[in-house]
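The next block holds one structure in the form of structure tokens; read it before the comments.
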Amino acid sequence: MSDQPARPSERSVTVLGLGAMGRALAAGAVAAGHPTTVWNRTPGRAGALVAAGAREAASVRDAVAASPLVVAVLLDHASVHETLDPVADALAGRTLVNLVTTTPEESRELAAWADSHGVTYLDGGIMAVPGMIGGPGAEVLYSGSRAAFDDARPVLDTWGGSTWFGEDPGLAPLYDLALLAGMYAMFAGFFHGVAMVGTAGVSASDFARRAAPWLAAMTAELAGYADVIDRRDYGGPGQQSLEFSDPSDMVRASEEAGLATDVLAAVQALVRRQIDAGHGADGFARAVESIRDPAGTPAPTPDRAPTAGGAR
């Protein structure tokens with residue numbers, strides 16, 4: 001790497017952790033011209049990055065000391081402490097960007113730890129797979145120090161769209177995990193559908209060609225459901241009732257085919273809980289109340305006349 005001073009658009013950055021995502025982030029920073037130091041617990045993963053211009057640090061302390069911006073892309077919350085607790089003194093006065101998947105409370109704990117050691121903290125949730133980094137569709141959600149976010153933007157923006165959600169460090173991981181929850185539930189539903197048509201000899205590829213446009217079209221319903229849920233107006237006109245939405249037919253068809261019903265049973269349980277509480281005529285969106293309150297406390301009644309919702 002060049003020993004010349006960094007240009008104003010450049011920021012020195014250290015990336016801790018060279019799994020697939022860490023390597024992608026480091027490569028993006030190097031390609032954008034940012035002086036980049038990398039470290040990994042297990043040696044041998046930095047060869048291509050070093051060849052591209054990165055510097056491999058011999059120790060965590062060396063890596064942290066190399067840059068004012070330190071990015072953790074480690075295994076989990078515990079590994080962040082295991083890696084950084086021994087070098088907290090070297091981290092003082094620097095900015096730590098945690099891109100490890102953590103719960104909101106774990107992120108708030110890390111933020112408090114960082115503050116107690118004089119470290120500026122920014123949390124992030126990566127909404128992309130490694131191959132998407134730096135390309136269309138990649139986005140990283142951030143929360144924590146706004147000043148740190150603004151200062152680090154030249155580096156952060158090399159990885160994808162950068163969005164700051166607020167000073168609460170738990171907000172980015174909250175959005176991250178909530179979005180992933182929707183994604184995994186959708187994929188699980190697709191997998192169940194694959195298993196169902198597979199009993200008739202239909203390939204997963206054939207089913208995917210039909211499922212993809214159907215699911216994409218159904219995402220148009222999200223805004224309508226959201227409006228209904230925000231107003232808790234589950235009895236408005238135009239909504240598909242819980243009784244109609246009960247997936248019993250799907251469950252029976254799956255059982256007849258000898259398939260597991262775990263995915264559908266979970267949906268059915270949410271629906272049945274509201275029906276059993278006397279809300280069967282309400283719209284399907286009311287199932288969210290089974291998630292919000294497993295104990296079954298009734299949702300408050302809207303304080304204004306119902307209006308048409310956007311659900312089917």
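The values are calculated or read from the model by the stated rules, or taken from the named source; none is laboratory data. Owing to the predicted nature of the structure, the values given are computational and were not obtained by experimental measurement. Quick reminder, even Gly has a Cβ in these numbers, built from the backbone with ideal geometry, and neighbours come from all protein chains shown.
Restricted to segment 227-254, and to residues that are assigned to a helix (DSSP H, G or I) and touching a residue at least 60 places away in the same chain (Cβ under 8 Å), which residue is nearest to the chain's Cα centre (by Cα)?
Selected residue: D227.
Kindly establish whether P68 is without any contact (Cβ under 8 Å) to a residue 40 or more places away in the chain and touching a Lys or Arg at 6+ places or on another chain (Cβ under 9 Å).
No.
Would you confirm, using the coordinates I've provided, whether T199 is more than 26 Å from I291 (Cα to Cα) and touching a His at 6+ places or on another chain (Cβ under 9 Å)?
No; evaluated as a whole, the condition is false for this residue.
Between S241, S248, S254, S290, which is surrounded by fewer than 15 Cβ atoms within 10 Å (Cβ to Cβ) and hydroxyl-bearing (S, T, Y)?
Testing whether each residue is surrounded by fewer than 15 Cβ atoms within 10 Å (Cβ to Cβ) and hydroxyl-bearing (S, T, Y) leaves just S248.
Of the residues A211, A200, A172, which is assigned to a helix (DSSP H, G or I) and over 21 Å from the mean Cα position of the chain (by Cα)?
Step by step, each of A211, A200, A172 is checked, and only A211 is assigned to a helix (DSSP H, G or I) and over 21 Å from the mean Cα position of the chain (by Cα).
Working only within segment 136-154, note down all residues that are in contact with a Gly (Cβ under 9 Å, 6 or more places away or on another chain) and touching a residue at least 24 places away in the same chain (Cβ under 8 Å).
Passing the criteria: E139, V140, L141, Y142, S143, G144.
Quick check on this structure: which one of V87, V119 is of a type outside the set (S, T, Y), in contact with a Lys or Arg (Cβ under 8 Å, 6 or more places away or on another chain) and farther than 25 Å from R45 by Cα?
Working: V87 fails: farther than 25 Å from R45 by Cα.
Exactly one of V87, V119 is of a type outside the set (S, T, Y), in contact with a Lys or Arg (Cβ under 8 Å, 6 or more places away or on another chain) and farther than 25 Å from R45 by Cα, namely V119.
For residues in segment 9-26 being of a type outside the set (K, R) and part of a helix (DSSP H, G or I), which is surrounded by the fewest Cβ atoms within 10 Å (Cβ to Cβ)?
Once the filter is applied, the top-ranked residue is A20.
Would you call F190 modelled with pLDDT of 95 or more, in the same structural domain as A265 (by TED's automatic domain parsing) and surrounded by 15 or more Cβ atoms within 10 Å (Cβ to Cβ)? Step through it out loud before you land on a result.
Values: modelled with pLDDT of 95 or more: yes; in the same structural domain as A265 (by TED's automatic domain parsing): no; surrounded by 15 or more Cβ atoms within 10 Å (Cβ to Cβ): yes.
So F190 does not fit the description; no.
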